[in-house]
1. If you take each beta carbon of peptide A:313-320 and count the beta carbons of other chains within 10 angstrom, what is the mean?
2. What is the mean number of Cβ atoms from other protein chains located within 10 Å of the Cβ atom of each residue in peptide A:297-306, rounded to a whole number?
3. Need one number: the % of Cα-Cα pairs in the protein assembly as shown sitting beyond the 39 Å mark.
4. In square nanometres and to one decimal, what's the mean projected area of the convex hull around the Cα atoms of chain B?
5. Only Cα pairs under 8 Å and at least 6 apart count here; give the relative contact order of segment A:265-404 as a rounded whole percent.
6. Summing -39500 (n - 2.57) over the DSSP H runs of n ≥ 4 in chain A and dividing by its residue number, what mean residue ellipticity at 222 nm do you reach, to the nearest 500 deg cm²/dmol?
7. Hey, can you rank A:171-184, A:109-122, B:81-94 by average C-beta count inside 10 Å, highest first?
8. Looking only at other chains, what is the average number of their beta-carbon atoms within 10 angstrom of each beta-carbon in A:416-428?
């Protein structure tokens, strides 16, 4: 790796310089640990090579615990919280030689699709600072897209790695549910959450996956399935691979530029010998309602722990305050609007009289969605869709309308509901946006920027069989061998 | 059509231990009603006889109940808003008269 040749100190210094230059425009980081990173880099340079990530500067989403470094989930309720332990993924990245330079911004507790639900303010899209980088791993995506770091970790509950990767023009990979330990990840929706890498190339994402994946005795939901050697699986061969496209599911509401880039992306894989098959996912359209019923129910339970007793924020106590008043005011003052909205919805759908109609019903429809995918994977090896229906939207565009915000997750939530591994790779750019209406897509390998306005990246999403990350990453890597979207850098200065 | 009353939202806030402001109550009454109306669409699906999916692992997640290393007391109490560290206690308002 170039990081090894260059030396860890040089790599980290370069990363920190770029961060210093661009952070005022992006607000991607909640915490930067420059001194600590340099110290560790010096130690790495003085020792033998540790592993495949030796000397690589990385950023960590701020809902993943880092010992001795503030971890806030971008929430006021965790202001001042300094974890006394490392998440397993942090331990494993460091063991492979990575150097953490900071913690990245997110929608509070990973609840959101734009990084606007952060108590620390929104992150901006490196391709157009008036637009969102997506979310909830928006800080991680912006930091990688702006080439501050080559690799960052995010978490994906309904698309929170893949959607911001798509909107920022980078690779975002959600491994199979259970593949990567969540010990030290702040729980949002435990049947859906998964940690994964964001990078500019599939190869770097695969290296990170090789480092962080595998069973962890600290996480009872982590899987004992043997890990593939993901990096070694990137052979470029997709000959004979069957790619399913749910044509009926790609109908309304998808931007013309996105559809056009998606079709070109399929052609790239076909030209390497893959075949495209029309598949039916009749229940995929119910993904959004059932996702928002299940994730809010789980969140209302998981976030009950934030009560102002053991860590984090506590309301200023008044004389004669009861314990319950302390809980209630702490939580009202500590949580932002979207988190409260989700706790409220989740509490409602779990409450007596509504459980069967909403929560149980959603779990049953979740079974139907899984059966759709089981059937599809009897005929195909991968399922392809766009990552998002539109390119990056403007900051503030959807903040007053939660349902509009939720609808943007239509293509990403299925992989969480089914637990399947899924990846977004950059597959094109939309020309200058003229607001609503069809916009022009650039055909592949065309790099000239159209005049006026911003070019906005478009993501291509592939989903694979459970625990078959090797096939998924091999196809995504093959795509990058024939395209140049991922080497284009946002026009920042 | 599904809609929520303000009283119902107050009841949920109480269950969720959230002391909402009047503005938040108004906002959530409207928004939660809208969201519930939106998710109504799943009720039209026939799911009779369909087993619910609570998680996708399909395997037990038990482990042996064996004591192991845990965080030290100073590590545990170091983040508390109010604690009697040496006594090993978190401090909260009085709950017994």
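Bear in mind that the values in this text are calculations on the coordinates, not laboratory data. Predicted model, so just to flag it, every value in this text is computed and none were measured. Every residue, glycine as well, gets a Cβ built from its backbone with ideal geometry; the counts of neighbours run over all protein chains shown.
1. 2
2. 1
3. The answer is 24 percent, as a whole percent.
4. Here the figure is 13.2 nm², rounded to one decimal.
5. Rounded, it is 34 percent for segment A:265-404.
6. -10500 deg cm²/dmol
7. So the order, starting with the most tightly packed, is A:171-184, A:109-122, B:81-94.
8. The mean count of partner-chain Cβ atoms within 10 Å per residue comes to 1.
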